[in-house]
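Trainee: One structure, pasted below without further comment.
No value in this document is a laboratory result; all are computed from the given coordinates. Keep in mind that this is a model prediction, so the values were computed, not measured. So basically every Cβ, Gly included, is an ideal-geometry build from the backbone, and we count neighbours across all protein chains shown.
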Number of protein chains: 2
Amino acid sequence: MYWEIDFNSDEALYTQLCNQIIFAIAAEQFREGDTLPSVRQMADDIGINMHTVNKAYNVLRQEGFVKVDRRKGAVIAIDIDKLNALAETRHELEIIVARASCRNLSREELHRMIDEIYLQYGGE
Amino acid sequence: MYWEIDFNSDEALYTQLCNQIIFAIAAEQFREGDTLPSVRQMADDIGINMHTVNKAYNVLRQEGFVKVDRRKGAVIAIDIDKLNALAETRHELEIIVARASCRNLSREELHRMIDEIYLQYGGE
DNA sequence: GCTTCTGTTATATTATATGTATAACAGAAG
DNA sequence: CTTCTGTTATACATATAATATAACAGAAGC
C-alpha cells in the first residue's frame with residue numbers, strides 16, 4: 001500500500017496520514033477487521049518517526065475509525081455515531097459552502113463534485 | 001454585528017474569525033466595498049488582541065476575500081480565481097466525503113445538507 | 001498645525017503543537 | 001527465550017498561536 005505524504009505541505013504529517021487511511025477505508029482497500037501496519041513498520045515505510053504514526057493511529061481511534069489492540073495493532077473498526085457524524089459533517093460543510101458561495105461556485109457545482117468523489121467509493 | 005468566537009475551541013481564534021467573516025460575506029451581511037471594523041475596534045469588540053485580528057485580516061487578504069487599505073482598513077473585495085477555487089474546494093470536499101462515506105452517510109444526505117446550507121445564502 | 005484614526009512593523013514573552021530521537025516497559029506470539 | 005505488539009517517559013528543536021507594548025507613517029477632520 002502506498003501512502004502519499006507531502007513533506008512540504010502545511011498539513012501536519014499525522015493529519016495527512018489520518019486522511020490517507022480514511023481515503024483507503026472509504027475506497028474499501030481496508031475493510032472492517034483488517035489491521036493496519038504496526039506503528040514501527042508504517043514509520044519505516046513512510047520514513048517518519050514512530051511517534052508520529054502512533055499519534056495518527058490514536059487520532060483515528062478517538063474519531064472512531066479503528067480500535068487499537070496491544071496484540072494485533074490497529075484494527076479497522078468503524079464506530080458509527082450517526083448523529084455525531086451528521087453534526088460534524090455539517091459543521092465542516094458549512095465552512096466549505098460559505099467559501100464556495102463567496103466565490104460564485106454554484107450549488108450544482110458542489111453537487112457534481114460530491115458525486116464524482118463518491119463514485120470512487122464503491123459508488124452505488 | 002455579532003461574532004461567535006469560542007475560546008474553548010481547538011480552532012485558532014484567527015481561523016474562527018476568518019470563518020465568521022466568510023459566513024457573513026456569504027450571507028450578504030457584507031457586500032463588495034463594505035469595510036470591516038478596524039483591527040483595534042474588532043479586537044476590542046471580541047476581547048482579543050489586535051494582532052490576532054490583524055492576522056485574520058491578512059489571511060483573508062491572501063485568500064482573496066478582502067483588500068487591505070492603509071486608509072480605509074479591510075474592504076470586502078472578492079478575488080475570484082475560479083480554477084483555484086474549484087481545486088481548493090475539491091480537495092476539502094474529498095476529505096469530508098471520505099469520512100462521510102466511512103460512516104455510512106449517503107450521497108443524498110450530503111446533497112441535502114449542502115442545499116440546506118445554501119438556502120441561507122441569498123438562495124438560488 | 002494638531003489630534004485621531006488607519007494598517008504596519010518590531011520586539012518580547014508565554015504556551016501549545018509538531019516532529020524527532022532514544023530508551024525502556026509489559027503483554028502476547030512463535 | 002526471542003520477537004513482535006502498543007505504551008510510556010524524557011528530551012530536544014522548531015513552528016505556531018496569542019498576548020503585550022511600543023512606535024511609525026500616512027490619511028482625515030477640525
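Trainee: Using the charge dipole of the protein assembly as shown (Lys, Arg: +1 at Cβ; Asp, Glu: -1 at Cβ; taken about the Cα centre), state which of B:52, A:75, A:27 has its Cα farthest towards the positive end.
Mentor: B:52
Trainee: Could you tell me the relative contact order of the range A:13-76? Use alpha-carbon pairs under 8 Å, at least six residues apart, and round to a whole percent.
Mentor: Relative contact order of the range A:13-76: 39 percent.
Trainee: Once every DSSP H run of n ≥ 4 in chain B is given -39500 (n - 2.57) and the sum is divided by its residues, what mean residue ellipticity at 222 nm do you get, rounded to the nearest 500 deg cm²/dmol?
Mentor: It comes out at -18000 deg cm²/dmol, rounded to the nearest 500.
Trainee: Report, in debye and to the nearest 20, how large the dipole of the range A:70-118 comes out about its Cα centre when Lys and Arg carry +1 and Asp and Glu carry -1 on their Cβ.
Mentor: Rounded to the nearest 20 debye, it is 320 debye.
Trainee: What are the aspartates and glutamates whose alpha-carbon lies under 18 Å from the alpha-carbon of residue A:67, with same-chain residues fewer than 8 places away excluded?
Mentor: Once the sequence-local aspartates and glutamates are set aside, what remains near residue A:67 is A:28, A:32, A:34, A:79, A:81.
Trainee: Moving to a separate point now. Normalised radius of gyration for the range A:13-76, please: alpha carbon Rg relative to 2.2 N^0.38 Å, two decimal places.
Mentor: 0.99
Trainee: GluC sites (Glu not before Pro), restricted to the range A:71-121: which are DSSP loop and have at most 13 other Cβ atoms within 10 Å?
Mentor: Nothing satisfies the criteria.
Trainee: So, in nm, how far is label residue A:88 from label residue A:69 when the simple model puts each one 7 Å beyond its Cα toward the Cβ?
Mentor: The modelled label-to-label distance comes out at 2.3 nm.
Trainee: Ok, one more. Counting other beta carbons within 10 Å of each Cβ, put A:35, B:89 in order, fewest first.
Mentor: Ordered by Cβ neighbours within 10 Å, fewest first: A:35, B:89.
Trainee: While we're looking at this one, here's another question. Separation of the range B:17-81 and the range A:46-86 by C-alpha centroid, Å?
Mentor: Using only Cα atoms, the two centres lie 37 Å from each other.
Trainee: Still on this model: Treating cross-link reach as a plain straight distance, find the lysines whose alpha-carbon is under 28 Å from the alpha-carbon of residue A:72, omitting any fewer than eight places away in the same chain.
Mentor: Hits, sequence-local ones excluded: A:55, A:82.
Trainee: Could I have the simple spin-label model distance between residue A:40 and residue B:77, label points 7 Å from Cα toward Cβ, reported in nm to one decimal?
Mentor: Result: 5.8 nm between the two label points.
Trainee: Percent of Cα-Cα pairs more than 24 Å apart in chain B, please.
Mentor: That tail contains 37 percent of the Cα-Cα pairs.
Trainee: Run a plain Debye calculation on the protein assembly as shown (Cα atoms as equal point scatterers, no solvent) and give log10 I(q)/I(0) at q = 0.12, 0.13, 0.15 Å⁻¹, rounded to two decimals, same order as the q list.
Mentor: Taking Cα atoms of the protein assembly as shown as identical point scatterers yields -0.80, -0.92, -1.13.
Trainee: Now for a different question. At a 10 Å Cβ-Cβ cut-off, how would you order A:75, B:39, fewest neighbours first?
Mentor: In increasing order of surrounding Cβ atoms, one gets A:75, B:39.
Trainee: Still on this structure, I have one more. Computed FRET efficiency, Cβ-Cβ of residue A:104 and residue A:61, R0 51 Å: what is it to the nearest 0.05?
Mentor: After rounding, the FRET efficiency stands at 0.80.
Trainee: Using R₀ = 51 Å, calculate the FRET efficiency as 1/(1 + (r/R₀)^6) where r is the Cβ-Cβ separation of residue B:1 and residue A:120; round to 0.05.
Mentor: Rounded to the nearest 0.05, the efficiency is 0.80.
Trainee: Using the Cα centre as the reference, give the magnitude of the dipole from point charges on the C-beta atoms of the range B:1-69 (Lys, Arg: +1; Asp, Glu: -1; all else neutral), rounded to the nearest 20 debye.
Mentor: Roughly 260 debye, rounded to the nearest 20.
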